[in-house]
Each structure stands twice: as C-alpha cells, then as structure tokens.
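Novice: Take a look at the following structure, please.
Bear in mind that the values in this text are calculations on the coordinates, not laboratory data. Small disclaimer: the values here were computed from a predicted structure and weren't measured. We place every Cβ from the backbone using ideal geometry, glycine too, and count neighbours over all the protein chains shown.
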Amino acid sequence: MPRTDPHLAPDPDDLAPEAPGADAGEPRADCVECGRPTAYPASRPGIVRCPVCEWQEAQRSACSG
C-alpha cells in the first residue's frame, strides 16, 4: 500500500476554523512540526501545530492499553 502524505495536496476548502481571538490582519503562527501555517496568531505562546500534526500528535500520545 503506498504511503500518502497528508501535507502533499492541501484542500483549500478544508481550512481550520479561526482560533478564538485571532485577528484577520495578524500573521499566522507556523506549525512546529511541518512549518505550515496554523489557525493561531503568531503572538500565541507555546507550541502550535497545524490540524494534521495536532491529530498525529494526539494519536501518538493516546493510551493504547
């Protein structure tokens, strides 16, 4: 089975919803995993991820037992 990369072909209609308090004129923060823009403003403190990387991180950290 060929491996598919979810970042290869982004769907422009599948954008993440605006983060609360996000100003439309403020630049977006880059994802710490892949570098793609996130739904969060650049001024947001802490680690920010795009929706795909956030989902993958949740899968990695989920309890498997």
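Novice: Considering amide H positions built from the backbone, and no H for Pro or chain starts, which residues 5 or more places from residue 40, or on another chain, come under 5 Å of its amide H?
Specialist: Correct list: 29.
Novice: Another question, if that's okay. Roughly how many nanometres apart are two label points built 7 Å out from the Cα toward the Cβ at residue 60 and residue 44?
Specialist: My value for the distance between the label points is 1.8 nm.
Novice: Please list, in order along the range 30-46, the HN-Hα scalar couplings obtained from phi with the Karplus expression 6.51 cos²θ - 1.76 cosθ + 1.60 (θ = phi - 60°), rounded to whole Hz, x for Gly and Pro.
Specialist: Along the range 30-46, the couplings run 8, 5, 6, 8, 10, x, 6, x, 10, 7, 9, x, 5, 7, 5, x, x Hz.
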